[in-house]
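Student: Here's a structure for you.
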Amino acid sequence: MFDLNKLLRNNIKQLVPYSSARDEFKGEARIFLDANENSFGSPLPKDYNRYPDPMQWQLKYKLADIKGVPPQHIFIGNGSDEVIDVLYRALCNPGVDNVVLCPPTYGMYEVSARINDVVIRQVSLTEDFQLDMPALQQAVDENTKLIFVCSPNNPTGNSINRSDIELLLNNFDGIVVVDEAYINFARQKTFIQELTEYPNLVVMQTLSKAWGLAALRVGMAFAGEEIINVMNKIKPPYNISQAAQELALQALENVAQVNEWIKETVVQRDVLAASLINLPIVLQVYPSDANFILAKTTDAKGIYQYLVEQGIVVRDRSRVELCAGCLRITVGTPEENETLINTLAQIEVGSTSQKS
């Protein structure tokens, strides 16, 4: 039986969160003399002299309409990386508690764990990039607080079998974090609608990918209200700037445009995959539910360097577990993809020198 109170660190249970001036004020006012702001304004065309809403309610209300969940079930982070860090700080006693990660996967789960001195238990994905359920069962003990599952997975691009994730949720007393950064490009449906069924579920999403707002650093967590309340206790009071909140709200008015970009990305993903597999230097193109493709090549390091010299940057993942020889390639515009393929076509097998 899931009991959040048993999972929380004692210092977090006893924590009295910082109360900002804007947290304490309720109602209407026309003169604000409570937060030691510059009362004369700011040197920008728009006044940014006031602190932003610490709970980002307008943004949460808009996201609630789009996602179909109550705003009280939404946490907004300074990128998904803040969501990851807050979960570690809420649940994991340094040097004592552990997290289970399933490489190859998103690298910040491990980095953030090491920053917070959380013990890492790694259970590699299977050869077809799925969860190794027997090994996961063996890895979990009474000090396991979190299991991270990235689906669609980065860097492999595939979705994790839904039934396996549900099995984890039903049998693990800690929190299962399902990272859905690339869910907009996937055939698999989101786990957000399952929040009422699984009290130990946290779903991460982001505005950085499909929504094209990587520069704003707006990450989201969806969970039961009890978990969200704990996360709000821990976060800095003004973790999302006023400018980021305003721009995100503007972007969320353009759902139709984003849906068109998603459709075009999926079309271009298929075109790019078909073009890559026809190249002699490409040995395998893995199925993808994301906006990128993982391709196994004859010489990942050499090809990567050759592309850099041509002004094209991809990601060399050849040193990552189960990804030997692999490059991760983001789906670009049709013109960018064509340039990439034409450039790769100039490489001879066994050599990164340009064909004459």
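Student: Work out, step by step, the length gained on full extension between Thr126 and Phe25: first 0.36 nm times the residue separation, then minus their alpha carbon distance; give nm to one decimal.
Tutor: Roughly 31.1 nm would be gained on extension.
Student: Then there's this: Packing-wise, with mean Cβ within 10 Å as the measure, how do 133-141, 158-166 rank, highest first?
Tutor: Ranked from most to least packed, the peptides come out as 158-166, 133-141.
Student: Compute the Rg/Rh shape ratio of region 256-344: radius of gyration over Kirkwood radius, all on alpha-carbon atoms. Let's see the in-between values first.
Tutor: Working: Rg = 12.8 Å, Rh = 13.2 Å.
Rounded to two decimals, Rg over Rh is 0.97.
Student: Quick check: pseudo-label points 7 Å beyond the Cα along Cα→Cβ at Lys13 and Tyr61, how many nm apart are they?
Tutor: Once both label points are built, they end up 3.7 nm from each other.
Student: Still on this model: Taking H as built 1.01 Å from N, whose amide H comes closer than 5 Å to the amide H of Gly332, not counting residues under 5 places away?
Tutor: Asn337
Student: Is the C-alpha gyration tensor of region 64-125 telling us rounded, prolate or oblate? Criteria: a/c under 1.5 is rounded; beyond that, a/b larger than b/c is prolate, otherwise oblate.
Tutor: Values: a/c = 2.48, a/b = 1.73, b/c = 1.43.
Prolate, because a/c is 1.5 or more and a/b exceeds b/c.
Student: Sort by residue number and report every cysteine in the chain with no other cysteine beta carbon within a distance under 4.7 Å.
Tutor: Unpaired cysteines in the chain: Cys92, Cys102, Cys150.
Student: Moving on to the next point. Over 21 Å between Cα atoms, which of Lys189/Lys296; Lys209/Lys235; Lys189/Lys263; Lys189/Lys209; Lys6/Lys67 qualify? Please report the intermediate quantities before stating the final value.
Tutor: Details: Lys189/Lys296 28 Å; Lys209/Lys235 23 Å; Lys189/Lys263 16 Å; Lys189/Lys209 17 Å; Lys6/Lys67 30 Å.
Too far apart for the 21 Å limit: Lys189/Lys296; Lys209/Lys235; Lys6/Lys67.
Student: Here is a further query. Let me see the pair-distance distribution of region 112-218: every alpha carbon pair, 10 Å bin width, integer percents in order.
Tutor: Taking all Cα pairs of region 112-218, the binned fractions are 13, 44, 36, 8, 0 percent.
No lab work stands behind these numbers, since they all come straight from the coordinates. In this text, all values refer to a predicted model and were calculated from it rather than measured experimentally. Note: ideal-geometry Cβ built from the backbone for every residue, glycine included; neighbour counts use all protein chains shown.
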